[in-house]
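The values are calculated or read from the model by the stated rules, or taken from the named source; none is laboratory data. Keep in mind it's a predicted model, so treat the numbers as computed, not measured. Positions of Cβ are generated from backbone atoms using ideal geometry, with glycine treated the same way; all protein chains shown enter the neighbour counts.
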Amino acid sequence: MLPEAVSFDVVDDALTTGDLRNDQVSPLLRQAFPRERWAQLAHRGIHVDFPCFLAPMVGLSHAALRQTIAAYLPAKAQTLVFTEMLSSRRLPTERIGDRPETVRGPQETALVPQLLANEERFIAASIAKLAGLAPVALDINMGCPVSKALRHNWGVALMGDPRYAEEVVRTTVRHSPWPVSVKLRTGLNDDPAYLIDFARMLEAAGAAWLSLHPRIASQQRRGRARWEYIARVRDALSIPVTGNGDVQTANDALAMLRETGCDGVMIGRAAAARPWIVWQIGEALGLPPPLGRAGDAAPSDGWSEGAEFARALTVFIDAAERSFRPADAVKRLGFFTHWGARWLDFGHELWRRVAASPDLPSARCVAAAFFSGPQRMSERTVLAS
Ligand SMILES: Cc1cc2nc3c(=O)[nH]c(=O)nc-3n(C[C@H](O)[C@H](O)[C@H](O)COP(=O)(O)O)c2cc1C
């Protein structure tokens, strides 16, 4: 069940003009999206009035997907947009925009590049390079569980060494002209007390906000994300804490906001499968439709989502064509289709045909043929990876 539609203009008025005292804002309204903590960051250039963020995802959170999602954001919504993780060992030696990972679309604003980092000289050199992306903030990855990250003491490995992690945050804050956030997991072990202490340490070290994916390292992306930890960490801190994990539908996102009181929901795999999830969430919260879709309702059942998939694919292909070299565009289209297709009844067939396409024009043809008849999308799929 979606909560009753709420208007953010009302909240705005309440918080900025004093027309409605904070204690008069309904609990549902407040819980749907507590904005006060983001407001504390406004003077540092962080503006968030819509509580959904695309998660950083290697091979997915690039300019083409980001622009596809932007096309579905409620008109004028302000949110933050993460890049996939960028290696601090690699960035210093490359030119921004040379690889698809560092391409920025012409209209893209509010970018938050994510850095996989732990050494001062690489952090400083990476920050200098990242200025080329005109970011509004920088995120430090403390969640990546792959063995290479663990070997190099990056990603979630930092969660096993709080003093070193603290040093990484302090160093990054010192060198960064932008606010610095951290994306973290529960940690190496399922120990909420440790997690809360660790999160407090990050706040004290200067993190502007946290994004919490409440799974332990060995779970990778399997098993249940423990949303209750999001609520506990948020309660323990005074900076914004966003939640991540297991959001497949707009209702899931609204439930996470409601159940945890978090300051926003970060969506990964489902945002790649149904980029219009931000429209669905906005609609449920009483926000206007995306630009160019005035008068339309967000897709609300499996068939209308199937039809929207075809439109989103076209938006994605157009954006990939504008943003990347042909071979890079084809590769990213294949990966995007691979993830999204899991929710389509015959998605494997779509993915097989797209992946076999040698170029974008042929991919457009196979996509058009696939969607020439109605296609149904499931609300949920089994997310084992
Ligand atoms: C293909 C893929 C690549 C990912 N790459 C990153 C990454 O670069 N940085 C990061 O912090 N998390 C990464 N993640 C984890 C996601 O950001 C997110 O924490 C995880 O998928 C859980 O969220 P979800 O259930 O909404 O997908 C990746 C996930 C996937 C599926």
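For first residues located in the stretch 115-128 and part of a helix (DSSP H, G or I), partners that are among the charged types (D, E, K, R) and surrounded by fewer than 24 Cβ atoms within 10 Å (Cβ to Cβ) and lie 6+ apart or on another chain with Cβ distances below 8 Å form the pairs F122/R89. The set of residues in the stretch 37-78 that are closer than 23 Å to I317 by Cα, more than 13 Å from the ligand (Cβ to nearest atom), free of Cβ contacts under 8 Å to residues at least 60 places away in the same chain and surrounded by fewer than 22 Cβ atoms within 10 Å (Cβ to Cβ) is empty. Listed by first and then second residue, the pairs linking a residue in the stretch 220-234 that is in contact (Cβ under 8 Å) with a residue 12 or more places away in the chain to a residue that is surrounded by fewer than 21 Cβ atoms within 10 Å (Cβ to Cβ) and among the hydroxyl-bearing types (S, T, Y), with Cβ atoms under 7 Å apart and 6 or more places separating them unless they lie on different chains, are R221/S385. Scan the stretch 267-285 and tell me whether some residue there is basic (K, R), within 13 Å of the ligand (Cβ to nearest atom), under 19 Å from the mean Cα position of the chain (by Cα) and over 26 Å from G160 (Cα atoms). Yes, the stretch 267-285 contains a residue that is basic (K, R), within 13 Å of the ligand (Cβ to nearest atom), under 19 Å from the mean Cα position of the chain (by Cα) and over 26 Å from G160 (Cα atoms). Take the conditions (1) within 16 Å of F53 (Cα to Cα); (2) of a type in the set (G, A, S); (3) surrounded by fewer than 24 Cβ atoms within 10 Å (Cβ to Cβ); S300 misses just one of them, which is (1).
Within the stretch 105-147, the set of residues being over 15 Å from P179 (Cα atoms) and touching a Phe, Trp or Tyr at 6+ places or on another chain (Cβ under 8 Å) comprises L116, A117, N118, C144. Within the option set A310, A363, A320, A369, being assigned to a helix (DSSP H, G or I), over 20 Å from A63 (Cβ atoms), away from the ligand (no atom under 16 Å from the Cβ) and touching a residue at least 24 places away in the same chain (Cβ under 8 Å) holds for one residue only, A310. Output yes when any residue across the stretch 208-218 is modelled with pLDDT under 95, closer than 26 Å to A270 by Cβ and surrounded by fewer than 18 Cβ atoms within 10 Å (Cβ to Cβ), and no when none is. Checked against the condition, which is being modelled with pLDDT under 95, closer than 26 Å to A270 by Cβ and surrounded by fewer than 18 Cβ atoms within 10 Å (Cβ to Cβ), the stretch 208-218 yields at least one hit. Of the residues making up the stretch 327-371, those that are under 21 Å from Q67 (Cβ atoms), more than 23 Å from the chain's Cα centre (by Cα) and among the charged types (D, E, K, R) are D359, R364.
Residue-wise test of (1) in a loop (DSSP other than H, G, I, E, B); (2) within 18 Å of the chain's Cα centre (by Cα); (3) farther than 22 Å from I239 by Cβ; (4) basic (K, R).
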position	(1), (2), (3), (4)
P113	no, yes, no, no
A131	no, no, yes, no
A165	no, no, no, no
Y194	no, no, no, no
A199	no, no, no, no
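Among the numbered conditions (1) touching an Asp or Glu at 6+ places or on another chain (Cβ under 6 Å); (2) within 11 Å of the ligand (Cβ to nearest atom), the only one that N141 does not meet is (1). Within the stretch 174-224, if we keep just the residues that are more than 21 Å from D139 (Cα to Cα) and among the small types (G, A, S), the residue that is nearest to the ligand (Cβ to nearest atom) turns out to be G223.
Being at negative phi and small (G, A, S) is the filter here, so list the residues in the stretch 139-173 that pass it.
Of the stretch 139-173, the ones at negative phi are 139-152, 154, 156-173.
Result: G143, S147, A149, A157, G160, A165.
Using the structure shown, decide if T171 is modelled with pLDDT of 95 or more, within 16 Å of the ligand (Cβ to nearest atom) and not small (G, A, S). No, not satisfied. Out of the residues in the stretch 234-253 that are under 25 Å from A42 (Cβ atoms) and surrounded by 24 or more Cβ atoms within 10 Å (Cβ to Cβ), which is nearest to the ligand (Cβ to nearest atom)? So the residue we want is N244. Take G334 and decide whether it is surrounded by fewer than 22 Cβ atoms within 10 Å (Cβ to Cβ) and under 28 Å from A32 (Cβ atoms). Against the criterion (surrounded by fewer than 22 Cβ atoms within 10 Å (Cβ to Cβ) and under 28 Å from A32 (Cβ atoms)), G334 does not qualify.
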